[in-house]
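The values are calculated or read from the model by the stated rules, or taken from the named source; none is laboratory data. Small disclaimer: the values here were computed from a predicted structure and weren't measured. Here Cβ is always computed from backbone atoms with ideal geometry, including for glycine, and neighbour counts include all displayed protein chains. Note: areas computed on protein heavy atoms with side chains; ligands, DNA, RNA excluded. Shrake-Rupley method; radii C 1.70, N 1.55, O 1.52, S 1.80 Å.
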Amino acid sequence: MEAAAFNPVAEDYDAQFTDTAVGKAQRALVRAYLAEILTLEEAPRVLELNCGTGADARWLAAQGAEVLATDLSSGMIATAQAVDAESPVQWAVGDLRKVVPDAEGPFDLIFSNFGGLNCIPAEDFRVWGRDCFAQLNPGGFWVGVIMSHFCPWEALYYTAKGRPWQGLRRLGRRPLQVPLGKGQFQATWYYGPEEVRDLMGPGWELHRQLPVGFFLPPSYLDPFFARRPRFLNTLAELETHSQDLSRRAAWSDHFLLALQKPLG
């Protein structure tokens, strides 16, 4: 994971994803789950990794959490601080793979949203999972929102464009060089829910597994759906209320996986 790749795109990140119609719809699903577990602790200590421009960190703080938000990109952290200089969030530049940069745990929640963990290979993931377990309080949660191996919307989109093989690009085990904008690329690995549970190591209990983008489209399709808000709202309702969503987690743009450290 290279900080230099993300620094040039920091100023435009919110416009390209956070503030888009699709980005807001996907983020609402994640926050609905986080709101559930935040009520289990009074003033929970939260570590957010790959915080980007800080939208989730500020939201977590507004829910009463004590938040340490980190990102490898100094540009992202600078943008996050500039958005709200009065925010109680503690910001730090830190490598995702080191879990806690120059700070002491333990935490009640360790959280990584929207594909940050896709920037690390499996061998780093295994070490990282053990470190996360050690940095959580008993009963604490690890929540990752990760890009999956297969997205039906992506397959349909590229098939319609006459490039069906591109819709299956996530299935390979080798990393893809994914464009970030402004000529920047990031090596990206794709994972499935069961694969991540294995990489996180032993001792965890599964708390929740949800799709984030089975009915909802990927963010790069926002220009189409932003012009069709009723259609997008319908898709969001389907994703929120459909039964047995856990089975669709592996077939979605992202999936949310929540693991809990046992109390005993």
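Screening the candidates Ala122, Ala80 for the property of being farther than 19 Å from Leu180 by Cα and hydrophobic (A, V, I, L, M, F, W, C) yields one hit, Ala122.
Per the listing Phe224, Phe231, the residue uniquely more than 21 Å from the chain's Cα centre (by Cα), under 17 Å from Thr18 (Cα atoms) and either outside any strand (DSSP E or B) or in contact (Cβ under 8 Å) with a residue 12 or more places away in the chain (or both) is Phe224. Picking from residues in the range 245-264 that are in contact (Cβ under 8 Å) with a residue 40 or more places away in the chain and charged (D, E, K, R), the one that is most open to solvent (accessible area, probe 1.4 Å) is Lys261.
Candidates are the residues of the range 37-60 that are modelled with pLDDT of 95 or more and among the charged types (D, E, K, R); the one that is most open to solvent (accessible area, probe 1.4 Å) is Arg45. Consider the range 174-203 and keep the residues that are open to solvent by 40 Å² or more (accessible area, probe 1.4 Å) and of a type in the set (Phe, Trp, Tyr). The one that is farthest from Phe17 (Cα to Cα) is Trp189. When the residues of the range 204-223 are filtered to those that are among the aromatic types (Phe, Trp, Tyr) and open to solvent by less than 60 Å² (accessible area, probe 1.4 Å), the one that is farthest from Leu263 (Cα to Cα) is Phe215. Every condition in (1) at pLDDT below 95; (2) surrounded by fewer than 12 Cβ atoms within 10 Å (Cβ to Cβ) is met by Gly162 except one, and the failing one is (1).
Close Cβ contacts (under 8 Å, 6 or more residues apart or on different chains) running from residues in the range 146-175 that are at negative phi to residues that are open to solvent by 40 Å² or more (accessible area, probe 1.4 Å) and of a type in the set (S, T, N, Q) comprise Tyr158/Gln166; Gly167/Thr159. Taking the residues in the range 224-244 that are open to solvent by 50 Å² or more (accessible area, probe 1.4 Å) and of a type in the set (D, E, K, R) as candidates, determine which candidate is nearest to Ala28 (Cα to Cα). Residue satisfying both the conditions and the ranking: Glu237.
Of the residues contained in the range 123-141, none is found to be touching a Cys at 6+ places or on another chain (Cβ under 7 Å), of a type in the set (Phe, Trp, Tyr) and either within 24 Å of Leu245 (Cα to Cα) or assigned to a helix (DSSP H, G or I) (or both). Here Val89 clears all of (1) touching a strand residue (DSSP E or B) at 6+ places or on another chain (Cβ under 7 Å); (2) hydrophobic (A, V, I, L, M, F, W, C); (3) buried (at least 21 other Cβ atoms within 10 Å of the Cβ); (4) within 30 Å of Glu237 (Cα to Cα) except the condition numbered (4).
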